[in-house]
């Protein structure tokens, strides 16, 4: 790789977004059913991160159902694991119960492929969605001025050069904060129909372009150069037009939802063997101030979609499962006590789900104290007993073999929590 091209790949953060061009560019394609590798794109481990925007109620997703204080704090929202209940919680270990809408997670938990971390969150006590998401995605919870996101830094610490522009991919309409930085990253909202967007581009040129090559000729952006154009030559090895006709493997059925569609596209890119190592997706609707519901309602629909989408993705992965890790995250949790609108307000600790074959699974990791008022943070919230960076760092270091020496999370000096298997 020439120095100029390497500089482009390290410095160019591109976003591929839906632009209604009508049809798939001929050089982005599907080798979904093929295991043939083009030599520069050798298989690596893959980490898939899912951001649940809006702050998920971890105490309803994974409930400490034996806690009488929680039952009193949530007279109309508390759910029981008793078999006499209409739709009981799924008893995981005699203390924690999984929401019944997440039943597809139960076999993965029993197989020890799925782990849960509870009481996890940011050491920064903000209850602002915007700030908390920014801190979590930058990985520096006490610094607003961090230019890079933690996933972009992780990309730079993978330990090898790559010729593929698909090394770090977000299935979103624009690059998330997690991917800001000097290392190459792309955002693709729809594999079937997209064009390039870069900050400062003339969007008229973008929508008028019939191909990436046309776009480079028409734009005046200084960020798009000959070296950038050359980097897309790598994509021309993908010569199929059947992205739209993709059929998931092993009978996997994705929910017809934004998250289901995003994870389906992640699966396609993985099977194309285009060199993807870090993927990002997101889902919203977790800000449940009103009418949160229990076994039915807003929360139930959201966790049902989350678990069904992840399970479909995992099933679809089949022979790729040893290479793939899935990790969820949310900016903070909800209050222990329900509010007057049958919902919950902004809180502190929540829970995360981590799925993979190298996980110390079948366990609820972390610490959740008895939820008496004197044990609550600010006398209202599930306390944060696990810093989110402990989870992020352990998963990235173990699965992706990153040796960051403090570069991944520069302000953090903690250790892992035993989430990953050591052998």
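Read the figures in this text as sums done on the coordinates, not as results from a lab. Everything numeric in this text was worked out from a predicted model, so none of it was measured. Positions of Cβ are backbone-derived with ideal geometry, glycine not excepted, and every protein chain shown enters the neighbour counts.
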Order these by the 10 Å Cβ neighbour count, fewest first: 253, 266. 253, 266
How far apart, in nm, are two points set 7 Å out from the Cα along the Cα-to-Cβ line at residue 341 and at residue 85? 2.5 nm
Hey, with R₀ at 35 Å, roughly what FRET efficiency would residue 143 and residue 422 work out to, going by the Cβ-Cβ distance, to 0.05? 0.65
Run through every distinct alpha carbon pair of segment 95-143 and return the Kirkwood hydrodynamic radius in angstroms, one decimal place. 13.3 Å
Could I get the Rg over Rh figure for segment 367-408? Both from C-alpha atoms, Rh via Kirkwood, rounded to two places. 1.23
Determine, from the Cβ-Cβ distance of residue 322 and residue 370 and an R0 of 45 Å, the FRET efficiency 1/(1 + (r/R0)^6), rounded to the nearest 0.05. 0.70
With R₀ set to 25 angstrom, the calculated FRET efficiency between the beta-carbons of residue 296 and residue 380, to the nearest 0.05, is 0.40
Classify segment 81-167 as rounded, prolate or oblate, taking a ≥ b ≥ c as the square roots of the eigenvalues of its Cα gyration tensor: rounded when a/c is under 1.5, otherwise prolate if a/b is larger than b/c and oblate if not. oblate
Estimated inter-spin distance, residue 173 and residue 401, nm [label 7 Å along Cα→Cβ]: 3.9 nm
Expressed in whole Å with the largest first, what are the equivalent ellipsoid semi-axes of segment 311-423 derived from the C-alpha gyration tensor as the square root of 5 times each eigenvalue? 30, 19, 12
